Amino acid sequence: MINLTQIKRFFIADLTTTRDPFSLGRWDEPIDDAVSPKATPVQKLPPAFEGELRDVPLSCSMDTNITHFKQQFKLPTSQGLIIHRVQVPLDPPVEAAVIYIAGMADTTHVSNYVLKPLLGEGGLTILPSTPKEMLHGLFPEGQSYVRTEFYEVVLDLMEGGVAVLIDGEAGVTTMRAEGWRKRSIGPAKTEVTVRGPSEAFVEDIRTNLSQVRRRLRTEEFMIELGHLGRLSRTDIALLYIKNITNDRLVNEARRRLAGVDVDYINDAGSLAQYIEDHPNAIYPTVLVTERPDRVATHLAQGFVAVLIENDAHALIMPTTITALLHSAEDAYLHWPAGTFMRLTRVLSYYVAMLLPGAYLALANYRQEMIPTPLLLAIAQTRETVPFSTVIEVLFMECSFELIHEATLRVPTVVGPTIGIVGTLILGQAAVQAGIISPILVIITAATALASFAIPTYELQMSVRMWRFTYIAAAAVMGMAGVIMLHTMHVANLAAMNSFGAPYLAPTTPFQRKGDNLVRAPAFQLDKRPELVRAKHVSQQDEITRPWTGEPAAPPPSPKGGKPKS
Amino acid sequence: MPESTITEHHLGVREAVAMTVVLTTAKIFLGLPRSLAELGGPAAWLIVVVCLLHGPVIWFGVRGVIMLHPGRSLITATELILGPVFGTMANLGYFLYFAMLTTTVVREYAESMKSVFLRETPLPVLVAVLMGSALYLAYLGAEGLSRTCWLGGPFMLLGFVTLLVMGYSTHAEPHALFPLFGFGLGRIVAWGTIKDIIGDLLILGILAPSFKGPKTWTKTFFVSWALIGLVMLSSMVVVEYVFPFPASDRITIPLMQMSRVISLGPGIQRVESVFFLIWLVAGMLKLGAASIACATVLAQILRLPSYRHLLLPLGIIFFSVARIPGNFSQIFLWDEIFRNFGGIVSVLLPNMTWLVGLIRKVVKARAAATGQA
C-alpha cells in the first residue's frame, strides 16, 4: 500500500517542519554566554516505575503486604519469588518475612546477613528491642534502605535485593545482595593499545562506574542514575563533571534519554540510535568506547557519557569525525608519535574508502594519470582476465566482505583457517584462474589493511559501505564521479551535528589549538575543546613546565638542553 | 517533552569568506580570462583591477539597505524600502541574477566536462548530474556548504597556486603585459566599469541575517573581496604571461589549457588531472552556493520560512533553461551578456534602493516634524 502522506511531502511544502534546532551556541560568541542556564527546565532521567504501582503504599499488616507481593509477582503461576516467614525472638516474639528473587540475590548472603541475625543465631548481631529499632537498625553494614512505597521494594527485589517485612510496621528494610555471576574486568578487545591502561568495561554498570570514578576523584563528578525500558528496566547512568560540562549539553542529554520510551533496551548501540542526531546517517554521531580511561578523559574535557547496564560500552557525546579517528593511545605517547599515528589513520581512512574506486576511475577513464610503464604492466596482467575492471573490483571487494564477516561469526579456533582459505582463494587461486589481475589483489589487500587501521568499529563499517558507493560512482563517471561524490560526502558531514556540536570540528569550525589531526604536546593543550562549550575553558595552567620558566614551552629539541631559570 | 534551547545557526567568518571566494572566483576556471583578454588584450588584468573597484560600491549599497532595516536581509529590506510592488520587482532582479548565474555556470561546466573529460557522456546527463549535486549541496544549507568550502579551500588554493607557478615556470613571455594599457586606457576603464565579475558578493547581502552582526558582516565582505582580487588578478596575469595576447583570446578555457601544457621534467607533467580536481570541486561548490542564493531570494520574496522546498522546482527550471543554448559558443555568449549587464543588478540596484530609502527616511522625518508642529 502506497503511503500518500510520505509521497505528499515531495510535492507540497510542509512549512511546519524545522530541522533539529539544538545547538551548543554560536561558534564565535563568548563562552560565558553559551553556558548560561537560560535553557530548558532540568529534566530528570526516567524513573523505573510509572503508573498505578507508584500509588500503592505499604501496609502495616505483613500478611497484606505478602499477599500484594504474591499478586504482583503472579505467584504461584510464575515462580521465582522466595518468601521466608520467621519468628524473631523478641519479647514478645515478632512475625517477620524475608523476600528475595531466586537467582538474583545471593542465598549465602541472605542466610548469613539476614536470616541468622533475625533469628539471633551465630552471635552476628545483637537484636534490637523493638520492631521499630529492628526496622531501622537491622543491617548496620552494607547498603540498606527503609522503604515505605511498594514499588520501591519491588524495584530493589528486581535488582537483586532482599526485603525484610516486619508485622505491624509500614516500612520495609531492603538490602543489596546481588547474587548473579559477573564477568571480571578484562583487557580491551576492540580498542587495544600498546601503552597506557588496558582494562575495559564489563557488563555490570556499578563496576563500570567504579572504574570511571577511580579516575575522577572529585566531588564534582556527577552520576545521575535512571532506568530505561518498561520491561527491561535497564539501569543507565549519565556522567558529567558538574563544574565543567555545559549545562545545556547535560540538559539535552537528559532530554533525549527521557524521551526514550520503549519496552526493552539492553545495550549501548541501541540506545545510541534513540538519542543520536542522525540515526539514519552512515556515520556514527555518538562515540562508543569500551575504555574507562577514554570516558574519564572525555568527561574531564567537558563531554557527557552514558553507561548502560548489561553492556560493556559507554556512549560519549558529542563526538566528531576527528574523535572517531583518535585512539586512546595517542595521548600516552610523545606528541610526534601520536601525530604520526593519527596521520597514518587519516591516510588509512582515505585509502580504505577511495582506493578501489580511484583505481577503477584511473584504469577505466584516466589512464594518462598512470605512468606509462605501470599502465603497460597493468594492461599486460589484465590481458587474460575475461571480466571488466568493474566486475573484477566488485568480485574482490565482495569476497573480502564475505571473508571478513565469516571470520567474525565463526568460532575463534576456525577463524584463522577461514582467513588462510580466503587469502588463498582471493590471492593465488583467483589470479591463477585468470579471474582477476594481480594488481587488484594488491589494491584489495591495501584497502583491507587500511580499513583495519581505523580505530573505531562504527567508522570502519561506515567506510566499508562508502567504499561500494565510490566504486559505483567511479564505474559510472570515472574520476568526475569520485570527486563529485566526495564533495557531497564532505558537505554532508559538514552539515551534520552531534549533540549541538559540528561534526567536523575542530577543523571547521576551526579551533586554532585544538586536539585535531595533529596532536599538540600535552603541555600545550591548555584549553578544552571548543565544541563542547565547557564552563571552564582552561584545563591547565599556561606554565605546565614551571622549571623552564616559559609559558607553554615548545616541544623539546632533539639535542635536549639546559633547563631555563 | 520541553522544546530545545537554540534555534539559530550562524555563519562563521572563515567559512563565509571561503564560500564567497569560491562562488566568485570559480568563473576564472571557465571562459572569463578569454573574455577579458578579448576586451583588454595585454591589459586584460587591468580590467580586473577596475572591476574590483565594484566591491566597495556593492558594499556601500548593500550595507546602506541593510542598515536602514537592521536584522533584515537585502531582500526583505529592499521590499520594506521600495514597497510590495517595486520591492518585489527589484527582488526578482536579484533572483534572476542568481538564476542566470546558476544556469550559465552549470551549462559551461557540463560543456567543458563533455569536451575534455567525459566525451562519450550525453550532455543532458552531465547537466542533470551537476545540477543534482548542486541542489544536494544547497539542501544541506549555507552552514554546511560554507564549512565544505573552508575545508576544500586550502586544497583548492594549493592546487591553484601550484598551477600558476608551474604554468609560469613552463612558459612565460617576458613582454606579455606590454603595451601596458593594451587597446587604450579609456577602453580598460569602460569595460572595467561595465563588466560584472564580482557581483556574486551579493550573496553576503542575502545571507546577512546569518552573521553575528554588522561588523562581522563587513569583515567578511572585505576579506572576501581582498582574496577574490588576489586570486583573479594573479590568475589573469599568469594567463597573460603563459598565453600572450592574442593566444589568450583564442583559448576557450585558458587555465585548463595551462594545466595541459605544464611539463617540468618526467616527474611533473599531466597536471591536468590535479586541475580537474579543483576545477570540478570549485564548480560544484559555486553551483551549490548560487542555488542557495537563488532559492533563498525566492523564499524571502514569497515569505516562506524555508528555502529547501523550492530547490527541486528551481533545479528543474535551471536544467531546462541550461539546455536552451545550442552549443558551447552560445552559452559563452549568454555568459558575456550576463556579465555585461549584471552590474545593473549587483551594483546599481542596491545603491538605488539605498538612495530611495534615504529619501523616504528624510521625507518621513519631515512629515513627522510637520505633523508634530
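Nothing in this text is a laboratory measurement; each read-out follows from the coordinates by a stated rule. Remember, it's a predicted structure, so these values are computed and weren't measured experimentally. With ideal geometry, Cβ positions are generated from the backbone for all residues, glycine too; neighbour counts draw on all protein chains shown.
Working note: Karplus 6.51/-1.76/1.60 with θ = phi - 60° gives segment A:84-89 the couplings 9, 8, 9, 10, 7, x Hz, where Gly and Pro are set to x.
What is the calculated FRET efficiency for A:ASN280 to B:PHE155, with r their C-beta to C-beta distance and R₀ = 25 Å, to the nearest 0.05? Walk me through the numbers on the way to the answer.
Details: r = 29 Å, r/R0 = 1.16.
That pair, A:ASN280 with B:PHE155, gives E of 0.30.
About the Cα centre of segment A:187-244, how large is the charge dipole given +1 on each Lys and Arg Cβ and -1 on each Asp and Glu Cβ? Please answer in debye to the nearest 20. Walk me through the intermediate numbers first.
Numbers: 10 positive and 8 negative charges, 13 e Å.
My answer is approximately 60 debye.
At 0.36 nm per residue, minus the direct Cα-Cα distance, what do A:VAL146 and A:GLU95 gain on full extension? Give it in nm, one decimal, please.
Working: separation 51, 0.36 × 51 = 18.36 nm, distance 1.77 nm.
Length gained between A:VAL146 and A:GLU95: 16.6 nm.
The residue list B:TRP59, A:GLY229, A:THR447 was ranked by how far each Cα lies along the charge dipole of the protein assembly as shown toward its positive end, using unit charges on Cβ atoms, and B:TRP59 comes out on top. Amide H to amide H, with H built 1.01 Å from N, A:PHE221 comes under 5 Å of A:LYS242, counting only residues 5 or more places away or on other chains. Between B:VAL116 and B:LEU180, the simple spin-label model (points 7 angstrom out along Cα→Cβ) gives 3.3 nm. On the beta carbon distance between B:VAL57 and A:LEU343, with R0 = 51 Å, the FRET formula returns roughly 0.65.
Take the Cα of B:LYS364, step 7 Å along the line toward its Cβ, and report every residue of segment B:65-102 whose backbone nitrogen sits under 11 Å from that point. Residues passing the 11 Å test: B:68-70, B:80-83.
Under a no-solvent Debye model with one identical scatterer per Cα of segment A:347-414, what's log10 I(q)/I(0) at q = 0.13, 0.14, 0.26, 0.27 Å⁻¹? Computed log10 I(q)/I(0) values: -0.51, -0.58, -1.20, -1.23.
For B:LEU355 and B:PHE341, compute 0.36 nm times the residue count separating them, minus their Cα-Cα distance, and round to one decimal in nm.
Gain on stretching B:LEU355 to B:PHE341: 3.0 nm.
Extending 7 Å from the Cα toward the beta-carbon at both B:THR170 and A:SER198 defines two label points whose distance is 5.5 nm. Where in segment B:58-78 does the label zone of B:LEU304 land, with the point 7 angstrom along Cα→C-beta and an amide N cut-off under 17 Å? Taking a point 7 Å out along Cα→Cβ of B:LEU304, the residues of segment B:58-78 whose backbone N falls under 17 Å are B:75-76. Report the FRET efficiency, 1/(1 + (r/R0)^6), for A:TRP547 and B:PHE222, where r is their Cβ-Cβ distance and R0 is 60 Å, rounded to 0.05. Given R0 = 60 Å and the Cβ-Cβ separation, E is 0.85.
Of B:LYS195/B:LYS219; A:LYS182/A:LYS242; B:LYS195/B:LYS286; A:LYS70/A:LYS182, which ones are farther than 21 Å apart at the Cα? Kindly include the intermediate steps, with their values, before the conclusion.
Values: B:LYS195/B:LYS219 25 Å; A:LYS182/A:LYS242 31 Å; B:LYS195/B:LYS286 19 Å; A:LYS70/A:LYS182 29 Å.
Exceeds cut-off: B:LYS195/B:LYS219; A:LYS182/A:LYS242; A:LYS70/A:LYS182.
The spacing between segment B:44-79 and segment B:314-335, judged by their C-alpha centroids, is 27 Å.
By how many nm would the segment from A:TYR332 to A:ARG217 grow when fully extended, if each residue of separation counts as 0.36 nm and the alpha-carbon distance is taken off? Please list the in-between numbers first.
Working: separation 115, 0.36 × 115 = 41.40 nm, distance 2.04 nm.
Once the chain is fully extended between A:TYR332 and A:ARG217, it gains 39.4 nm.
For segment B:141-223, the dipole from Cβ point charges (+1 on Lys and Arg, -1 on Asp and Glu) about the Cα centre works out to 300 debye, to the nearest 20.
Tell me the trypsin sites (Lys or Arg not before Pro) within segment B:264-336 that lie in a loop according to DSSP and have at most 12 other beta-carbon atoms within 10 Å.
Working: sites: B:ARG270, B:LYS286, B:ARG303, B:ARG308, B:ARG323; in loops: B:ARG270, B:ARG303, B:ARG323.
When the trypsin sites (Lys or Arg not before Pro) of segment B:264-336 are filtered for loop state and at most 12 Cβ neighbours within 10 Å, B:ARG303 remain.
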